[in-house]
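The next block holds one structure in the form of structure tokens; read it before the comments.
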Amino acid sequence: MHLRVPVHKTPTQSLIEKPLVPLEVAKDADKVIRIKTIRHTDCIEVGHDRFDEMVSNFLAKVGETNIISINTIGYTNLDIGTQKIMTEYGVLIVFKG
């Protein structure tokens, strides 16, 4: 049995084609809906509360026109130092990006 490998001077065309993007998606292809959760416990550094600063910096980076909604969240976690369950807060930001 003799096998031959095809040799071409130009690149061969792909046999697998990607499906076309629907028109609704093609209009806003660069902007998809995303979420970002910022928890208060993640914003405490060396005893300083930087929650407001971090939320403000993120909102400035995203831009006012891309923000869809800002929702507050409440959650509980175990404080390692006191071994107590602490109730904390944060924000959930829905944006286009």
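The values are calculated or read from the model by the stated rules, or taken from the named source; none is laboratory data. Predicted model, so just to flag it, every value in this text is computed and none were measured. Quick reminder, even Gly has a Cβ in these numbers, built from the backbone with ideal geometry, and neighbours come from all protein chains shown. Just the protein is used for accessible areas: all its heavy atoms, side chains included, with ligands, DNA and RNA removed. Shrake-Rupley method; radii C 1.70, N 1.55, O 1.52, S 1.80 Å.
Here the spin labels are modelled as points 7 Å beyond Cα on the Cα-Cβ line, and at K18 and T37 they lie 3.1 nm apart.
Whole number in Å², please: accessible area per residue of the chain, 1.4 Å probe, ligands, DNA and RNA not counted.
Numbers: 8780 Å² over 97 residues.
Per-residue accessible area for the chain comes out at 90 Å².
Solvent-accessible area of S69, all protein chains in place: 40 Å² (probe radius 1.4 Å, heavy atoms, ligands and nucleic acids excluded). The residues neighbouring S69, those whose beta-carbon lies less than 15 Å from its own, together hold a net charge of +2 under the Lys/Arg +1, Asp/Glu -1 convention. In whole percent, how big is the carbon plus sulfur part of the accessible area of the chain, probe 1.4 Å, protein atoms only? Taking all protein chains in place, the chain shows 58 percent carbon and sulfur surface. When the surface is traced with a 1.4 Å probe over the full set of protein chains, I35 keeps roughly 110 Å² accessible.
Residues whose amide H comes within less than 5 Å of that of I73, counting only those at least five positions distant or on another chain, are G90, V91, L92 (H built at 1.01 Å from N in the peptide plane). Kindly provide the Kirkwood hydrodynamic radius of the chain in Å, to one decimal, from all pairs of distinct alpha carbon atoms. The answer is 18.3 Å.
Subtracting the Cα-Cα distance from 0.36 nm times the residue separation, let me have the gained length for E64 to M86 in nm, one decimal. Provide the component values of the computation, followed by the final result.
Numbers: separation 22, 0.36 × 22 = 7.92 nm, distance 3.25 nm.
Between E64 and M86, full extension yields an extra 4.7 nm.
Taking each residue as 0.36 nm, the span from E45 to V5 lengthens on full extension beyond its C-alpha to C-alpha distance by 8.1 nm.
Working from Cα pairs under 8 Å separated by at least six residues, relative contact order for the chain is 33 percent.
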